[in-house]
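The values are calculated or read from the model by the stated rules, or taken from the named source; none is laboratory data. Please read all numbers here as calculations on a predicted model, not as lab measurements. With ideal geometry, Cβ positions are generated from the backbone for all residues, glycine too; neighbour counts draw on all protein chains shown.
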Amino acid sequence: AAAEAVAAPAPVEDLEDVGVGSVRQQVVNLVREALAATVPDVEGLEPQVAQCGNPKNGDYQCNNAMGIWSKIKGQGAPFKNPNAVGQALAANIPRTSVTERVSVAGPGFVNISLSDRWIEKKLHQLLSQGVGAWAPKLSYKRVVVDFSSPNIAKEMHVGHLRSTIIGDSLCRMLEYCGVDVLRRNHVGDWGTQFGMLIEYLFEEFPNWEEIGDQAVGDLQDFYKRAKIKFDVDAAFKDKAQKAVVLLQGGDPNYRAAWKKICDVSRKSFDQVYKRLNVTLEEKGESSYNEYIPRVVKELEEKGLVEDSEGARVIIVPGQNIPLILVKRDGGFNYASTDMTAMWYRLNEEKAEVMIYVTDVGQNQHFDMVFKAAKRAGWLPANESELPRARHVGFGLVLGEDGKRFRTRSSEVVRLVDLLDEARDRSKQGLVERGREGEWSAEELEEACQALGYGAVKYADLKNNRLTNYTFNFDQMLDIRGNTAVYLLYAHARICSIIRKSGKDIEDLKPTGKLQLQHPSERALGLQLIRFGEFVEDAATDLLPNVLCEYLYTLSGMFTDFYTNCKVVGSEEEVSRLLLCEATAVIMRECFKLLGIKPLYRL
Ligand code: ARG
């Protein structure tokens, strides 16, 4: 019989007491104990823990002392001043293997330094268990993320690209935090434009039931032609308007034609999602239709709905226009659908947080929907309570001319063309570097896709989403700037250092010992173990750029380390190779959360 059980190597160190959650959450837990021991009678105190402003003072600081002082002064408390409160807090921070040094500065800031041994242990935890143990704990379990959401029969434009990229990254971060994420594509698959599209389909393709989806061709074009006819041909316009009624009344023929048009659209959207490696579950506007009447009824019964020039509306505070729930003609609109979708998400899908990713142009719409939901008692007035709705707005994508990003002939830029160009330019770059001869065609293709699509995504994610950004291929594909290309090269370089050592890193992980000696090693190690709290901040504030900044800083710290510390062939080789590996692992985790595919050689 074949040899059985290979003995598992003994763990280098006992990792049981190293803890889970983000490092900041672990420090918060220590501070919470200190607060309870120092001022047991002061209620509602939340630990205030931040990174130390000056790394010379420590790694983290607790900022509670002054707030406590203002609550207790003059009440015969045993403390003379805020500094004394800080001293007491510092004395009560549990002395575990986590901390090395605790000191007090100025008006009571408590500085906390992590011990090098503990940082090393955390890194061993990463290498042996993966990054899962570092996931921050969030206060909610189930989230709907409404993103991408293009409109049927219209081309997806760069705004939808931004929504897709930002939304996907937020989903990935929340998923890492253990949240149950419902990725919702709220496609615009309902509305009056369908009457026109269906009649046009009947005219252009009398045999529409038999033809394949490709035969319809480019839907954007189709939409334009239909619209022209609608505008100039009164008889057609009349038919189109009647078609809307037939469709909404459920006429099977019109339903089938509607479905055909949706299918054609969906195929072209799916091409983009596939290339971007984004998954979404379509629940279009049409799927909420059947629930609208009962939601309107509920809101009527709550006495929230008023008459305004024949329409049924909800007045919301702070807005000069009301939310229109039922149009004058009795029909429903974008807002009726969003109110109903929210009702559905809360009641049927049990969402605790609902996130909507669209351009900032829809701020007012979502503000009204959220306020109406508060009036209805669906959402609590206090936004720190659950359930909660958040609009994740983003700015425009601009062209080099500073205007809305368009093609030369001022058309909407087709996303597939844009992705093609990013990929092709990357390929050209690789060919110039002589990679064509060294790699197989598949390897080359994989690399240029990862670089090209990664560059487009990172350029979008790295800025605060609220700012407009200028689309520029040269910039986003620059190997030296703050770009995905630079970061992918940095990662591949680390992998090549490990390969060059000739050691099998998997063999080193269980037995090798990682020791932080040089200051640049410690700085790198600390940045690595802080991964979880940056994800926590990015996910809490819904700002992917926070993670991009983390990754870029990490890459710089690795460069510092590599400049200062010899790796291959040094006495510390094993330890340093492990530190290289830990860096590569965390870089890959960042890439994953940003939706970028890592490359191991470049
Ligand atoms: N289809 C809309 C647009 O293209 C975006 C939908 C966003 N989601 C929502 N629940 N309203 O502008």
Check your understanding: Under the condition of being assigned to a loop (DSSP other than H, G, I, E, B) and within 15 Å of the ligand (Cβ to nearest atom), which residue from the range 155-184 is farthest from Tyr356 (Cα to Cα)?
Key -> Glu155
Check your understanding: Do we find a residue being without any contact (Cβ under 8 Å) to a residue 12 or more places away in the chain and either within 18 Å of Leu602 (Cα to Cα) or of a type outside the set (Gly, Ala, Ser) (or both) anywhere in the range 484-491?
Key -> no
Check your understanding: Would you pick out the residues in the range 499-523 that are over 20 Å from Thr99 (Cβ atoms), under 33 Å from the mean Cα position of the chain (by Cα) and hydrophobic (A, V, I, L, M, F, W, C)?
Key -> Ile505
Exercise for review: Being more than 20 Å from Ser148 (Cα to Cα), surrounded by 15 or more Cβ atoms within 10 Å (Cβ to Cβ) and of a type in the set (A, V, I, L, M) is the filter here, so list the residues in the range 248-278 that pass it.
Suggested key: Ala257
Check your understanding: Within the range 355-368, can you find the residues that are more than 8 Å from the ligand (Cβ to nearest atom) and surrounded by 22 or more Cβ atoms within 10 Å (Cβ to Cβ)?
Key -> Ile355, Met368
Check your understanding: Do we find that Arg255 is away from the ligand (no atom under 16 Å from the Cβ) and closer than 24 Å to Met342 by Cα in this structure?
Key -> no
Practice item. Tell me, yes or no, whether the range 400-417 has at least one residue that is surrounded by 12 or more Cβ atoms within 10 Å (Cβ to Cβ), within 16 Å of the ligand (Cβ to nearest atom) and either on the phi > 0 side of the Ramachandran plot or without any contact (Cβ under 8 Å) to a residue 12 or more places away in the chain (or both). Key: yes
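Give Ile152, Ile119 a once-over and let me know the one that is within 16 Å of the ligand (Cβ to nearest atom) and either in contact with an Asp or Glu (Cβ under 8 Å, 6 or more places away or on another chain) or at pLDDT 95 or above (or both).
On the way: Ile119 fails: within 16 Å of the ligand (Cβ to nearest atom).
Answer to the check: Ile152.
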Practice item. Please identify the pairs in which a residue from the range 363-386 that is on the phi > 0 side of the Ramachandran plot has its Cβ atom under 9 Å from the Cβ atom of a residue that is surrounded by 12 or more Cβ atoms within 10 Å (Cβ to Cβ) and not small (Gly, Ala, Ser), counting only partners at least 6 apart or on another chain. Key: Gly377/Lys302
Review point. Which members of the range 320-348 meet the condition of being within 15 Å of the ligand (Cβ to nearest atom), closer than 16 Å to Arg294 by Cβ and surrounded by fewer than 19 Cβ atoms within 10 Å (Cβ to Cβ)?
Key: Tyr344, Leu346
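Of all residues in the range 145-162 being among the small types (Gly, Ala, Ser) and in contact with a strand residue (DSSP E or B) (Cβ under 8 Å, 6 or more places away or on another chain), which is nearest to Cys177 (Cα to Cα)? Reasoning before the result, please.
So the first thing to find is which residues in the range 145-162 are among the small types (Gly, Ala, Ser), and the list is 148-149, 153, 159.
With in contact with a strand residue (DSSP E or B) (Cβ under 8 Å, 6 or more places away or on another chain) added as a condition, the list becomes 148-149, 159.
Working: Ser148: 22, Ser149: 24, Gly159: 27 Å.
Across the range 145-162, the extreme among qualifying residues is Ser148.
Which of the residues spanning the range 371-397 are within 21 Å of the chain's Cα centre (by Cα) and not aliphatic (A, V, I, L, M)? If you could, list the steps in order and put the result at the bottom.
First pass over the range 371-397, keeping only residues within 21 Å of the chain's Cα centre (by Cα): 383-384, 386-397.
Result: Glu383, Ser384, Pro387, Arg388, Arg390, His391, Gly393, Phe394, Gly395.
Rundown of residues vs (1) assigned to a loop (DSSP other than H, G, I, E, B); (2) without any contact (Cβ under 8 Å) to a residue 40 or more places away in the chain, yes/no style:
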{"position": "Trp190", "(1), (2)": "yes, no"}
{"position": "Trp208", "(1), (2)": "yes, no"}
{"position": "Arg225", "(1), (2)": "no, yes"}
{"position": "Ile228", "(1), (2)": "no, yes"}
{"position": "Asp231", "(1), (2)": "no, yes"}
{"position": "Lys239", "(1), (2)": "no, no"}
{"position": "Leu247", "(1), (2)": "no, no"}
{"position": "Tyr254", "(1), (2)": "no, no"}
{"position": "Lys267", "(1), (2)": "no, no"}
Check your understanding: Between residues in the range 324-347 that are part of a helix (DSSP H, G or I) and residues that are among the charged types (D, E, K, R), which pairs lie under 6 Å by C-beta distance while being six or more apart or on different chains?
Key -> Thr337/Glu285
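Results for (1) surrounded by 21 or more Cβ atoms within 10 Å (Cβ to Cβ); (2) part of a strand (DSSP E or B); (3) touching a strand residue (DSSP E or B) at 6+ places or on another chain (Cβ under 9 Å), shown as yes or no for each residue.
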position	(1), (2), (3)
Glu120	yes, no, no
Leu123	yes, no, no
Ala133	no, no, no
Lys137	no, no, no
Val143	yes, yes, yes
Study note, to complete from the structure: Scanning the range 348-398 residue by residue, the ones that are outside any helix (DSSP H, G or I), under 24 Å from Asn151 (Cα atoms) and acidic (Asp, Glu) total 2
Practice item. Out of the residues in the range 79-101 that are within 35 Å of the chain's Cα centre (by Cα) and in a strand (DSSP E or B), state the one that is surrounded by the most Cβ atoms within 10 Å (Cβ to Cβ). Key: Thr99
Practice item. Considering every residue within the range 372-385, establish whether at least one is closer than 26 Å to Thr470 by Cβ, within 16 Å of the ligand (Cβ to nearest atom) and either crowded, with 18+ Cβ neighbours inside 10 Å or aliphatic (A, V, I, L, M) (or both). Key: no
Point to revise | Cβ pairs under 8 Å, 6+ apart, first in the range 132-146 and touching a residue at least 12 places away in the same chain (Cβ under 8 Å) and of a type in the set (S, T, N, Q), second within 16 Å of the ligand (Cβ to nearest atom) and assigned to a strand (DSSP E or B) | key: none
Exercise for review: Please report, ordered by residue number, the helices (runs of 4 or more DSSP H) entirely within the range 483-554 with at least 3 residues that are touching a Leu at 6+ places or on another chain (Cβ under 9 Å) and closer than 21 Å to Ser128 by Cα.
Suggested key: 484-500, 505-511, 519-529
Exercise for review: Only residues that are in contact with an Asp or Glu (Cβ under 7 Å, 6 or more places away or on another chain) and part of a loop (DSSP other than H, G, I, E, B): list them for the range 282-304, please.
Suggested key: Gly284
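Residue by residue through the range 279-299, note down the ones that are surrounded by 14 or more Cβ atoms within 10 Å (Cβ to Cβ) and either β-branched (Val, Ile, Thr) or away from the ligand (no atom under 16 Å from the Cβ) (or both).
So the first thing to find is which residues in the range 279-299 are surrounded by 14 or more Cβ atoms within 10 Å (Cβ to Cβ), and the list is 280, 282-289, 291-292, 295-296, 298-299.
Ile292, Val295, Val296, Glu298, Leu299, listed by residue number.
One line per residue, one yes/no per condition, for (1) modelled with pLDDT of 95 or more; (2) closer than 14 Å to Cys548 by Cβ; (3) out of contact with any helix residue (DSSP H, G or I) (no Cβ under 6 Å at 6 or more places or on another chain):
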residue: Met476; (1), (2), (3): yes, yes, no
residue: Thr483; (1), (2), (3): yes, yes, no
residue: Tyr489; (1), (2), (3): yes, no, yes
residue: Arg493; (1), (2), (3): yes, no, yes
residue: Ile497; (1), (2), (3): yes, no, no
residue: Lys500; (1), (2), (3): yes, no, yes
residue: Glu506; (1), (2), (3): yes, no, yes
residue: Pro510; (1), (2), (3): no, no, yes
Point to revise | Scan of the range 398-428 for residues that are over 29 Å from the mean Cα position of the chain (by Cα) and modelled with pLDDT of 95 or more, ordered by number | key: Gln428
Review point. With respect to Ala37, is the statement that it is modelled with pLDDT of 90 or more, farther than 26 Å from Thr540 by Cα and hydrophobic (A, V, I, L, M, F, W, C) true?
Key: yes
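Pick out the one residue from Tyr176, Tyr254, Tyr200 that is at pLDDT 95 or above, in contact with a Leu (Cβ under 7 Å, 6 or more places away or on another chain) and more than 30 Å from Pro544 (Cβ to Cβ). Full working, then the answer.
On the way: Tyr176 fails: more than 30 Å from Pro544 (Cβ to Cβ); Tyr200 fails: in contact with a Leu (Cβ under 7 Å, 6 or more places away or on another chain).
Just one listed residue meets the conditions, Tyr254.
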